[in-house]
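First comes the structure, then the notes that go with it.
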Amino acid sequence: MLRNGSLFAHCIEAASAFARFELQAQIDIASLVLDVRSPKAAWRLTPRFRDPGGNRWRFDSTPDVLASAQFAGWLPYVRRDPGPLEDPQETLRLAEKVGIRTVDAASGQGRMLADGDVGRAWFFEGTLYAIERHRKPWIEGDGLLSVRELVQRKAFRPLSEEDWDCVTRVLGASGRGDLSSVPLPGDRLQVDHRYDSPLHQRTFTDQNAMARLAGWGGGQSLWRLGHALANAVPARERRHFVFACDFMVEPGRDDPVLIGLELEPLLAPNLYAVLAERLFRSSDKPPDWRGPTTSAALSVNFSRPHWNAPN
C-alpha cells in the first residue's frame, strides 16, 4: 500500500516501463509534470495527489500538499466525467448484472464482519491491469491495552477521523465493545474492512497479484466488471480512463463481493507499462510537445519552483 502512494515507487516503475519501450522522459521538479516522448509521439502526464482518507485527487504540488498528501500517480488527463458511475447504486446494479455479488444494505454488515480477504482491482479503459488482495486487519488483546491503544500500536500511519469512525462502526456491529474496551489476552477483534486500512502492512514490495491469481475465478469476474463499468462511461470520456474497485472474498468462497468503486484512486504503479503500450504503440495523435528531453529513460529538470498546479 505504501508503494502505491510513493513518488519514488512510481518513478522506478515509470523509468522501467519507458526504458523497455525505448522512450525518453523528463520530470519537472517544480510541478512534477512528466513529459514522455518517442521519435514519433509525445505526451504530457500530469501528477495527482490524495490526502490520507480522502477520495478525490488534488493537483497542486505546493510544499504543504507534498508534506501531507500521498502521490497518486501520473495520467495523460486531469479528470474524466464518469457519467452514471457517480451514482454508487448504478455501480452496484452493473455489478449484479454481470453476476458479481455486492455488499448491499440487507446483508452488507454481516459480510463486512466475516473473516476473509479484502482487495482492490485497477482498470485502464475497462481492462484489468493490477490486483492486490490481503487478509482483513485484526488486533489481538493482551488484557492490558484498550482497543484504541491496540489499534494505534498496530497502525502504520496516524488514523484520521474517518478511520476511527470505521473502527467504531465495526466494533458496534460485532457487539465487541468500544474503543475503551480492554480485550482479553488472545482475543482477536476485526476492527476494519477496507483495502486501504491504516492497519494493513506498509511495504514498497510490488503487491500486484495478477500472475499469482491467474487461475482465480474471481479474476474473470473482475475482468467482466471492468468492461461493464467502462462501457457505462460516456464514450468521449472513456479514453485512458483509470478507475479501481474494492472487493472482499468471504471464507469458503472463490468469487469477489464488490464493496465500491474508486473513481480517483491511488494508482498502482504497474500502470506505466500499460500507458507506454497504449500511448506509444497506437494510432493516437499526441498533443503538441512542450518540454525538453534528454537521452536518459527518465531525467529530472530542475526548473525554478513556482508551486502552481499543472495545466
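Brief remarks on what is shown
- Once the range 176-206 is narrowed to residues that are open to solvent by 50 Å² or more (accessible area, probe 1.4 Å) and touching a Phe, Trp or Tyr at 6+ places or on another chain (Cβ under 6 Å), the residue that is nearest to Pro269 (Cα to Cα) is Arg202.
- In this entry, Leu258 passes the filter for residues that are crowded, with 17+ Cβ neighbours inside 10 Å and assigned to a strand (DSSP E or B).
- Applying the set (1) within 22 Å of Phe49 (Cα to Cα); (2) modelled with pLDDT of 75 or more; (3) open to solvent by 20 Å² or more (accessible area, probe 1.4 Å) to Ala276 leaves exactly one unmet item: (3).
- Ala209, sole failed condition from (1) of a type in the set (A, V, I, L, M); (2) open to solvent by 70 Å² or more (accessible area, probe 1.4 Å); (3) closer than 30 Å to Thr46 by Cα: (2)
- Of Ala19, Ala9, all but one fail to be more than 17 Å from Val78 (Cα to Cα), in a helix (DSSP H, G or I) and open to solvent by 50 Å² or more (accessible area, probe 1.4 Å); the exception is Ala19.
- Contact map, the range 53-72: residues that are farther than 17 Å from Ile29 by Cβ paired with residues that are open to solvent by 80 Å² or more (accessible area, probe 1.4 Å) and not in a strand (DSSP E or B), Cβ distance under 9 Å, separation 6+ or inter-chain. Pairs shown: Gly53/Glu161; Gly53/Glu162; Gly54/Glu162; Trp57/Arg79.
- Selection status of Pro265, open to solvent by less than 10 Å² (accessible area, probe 1.4 Å), in a loop (DSSP other than H, G, I, E, B) and not small (Gly, Ala, Ser): yes
- Filtered residues of the range 236-255 (kept if acidic (Asp, Glu) and assigned to a strand (DSSP E or B)): Asp246
- So Arg224, is it open to solvent by 10 Å² or more (accessible area, probe 1.4 Å), at negative phi and over 20 Å from the mean Cα position of the chain (by Cα): no
- Checklist (1) modelled with pLDDT of 90 or more; (2) crowded, with 20+ Cβ neighbours inside 10 Å applied to Asn4, failing item: (1)
- Answer residue from the range 30-40, given it is modelled with pLDDT of 85 or more and either of a type in the set (S, T, N, Q) or in a loop (DSSP other than H, G, I, E, B) (or both) and is surrounded by the fewest Cβ atoms within 10 Å (Cβ to Cβ) among those: Lys40
- Residue within the range 41-48 that is open to solvent by 40 Å² or more (accessible area, probe 1.4 Å) and either of a type in the set (Ser, Thr, Tyr) or over 21 Å from Ala276 (Cα atoms) (or both) present: no
The values are calculated or read from the model by the stated rules, or taken from the named source; none is laboratory data. Since the model is a prediction, treat every value here as computed from it, not as a measurement. Every residue, glycine as well, gets a Cβ built from its backbone with ideal geometry; the counts of neighbours run over all protein chains shown. Areas reflect the complete protein model, heavy atoms only, side chains present, ligands, DNA and RNA absent. Shrake-Rupley method; radii C 1.70, N 1.55, O 1.52, S 1.80 Å.
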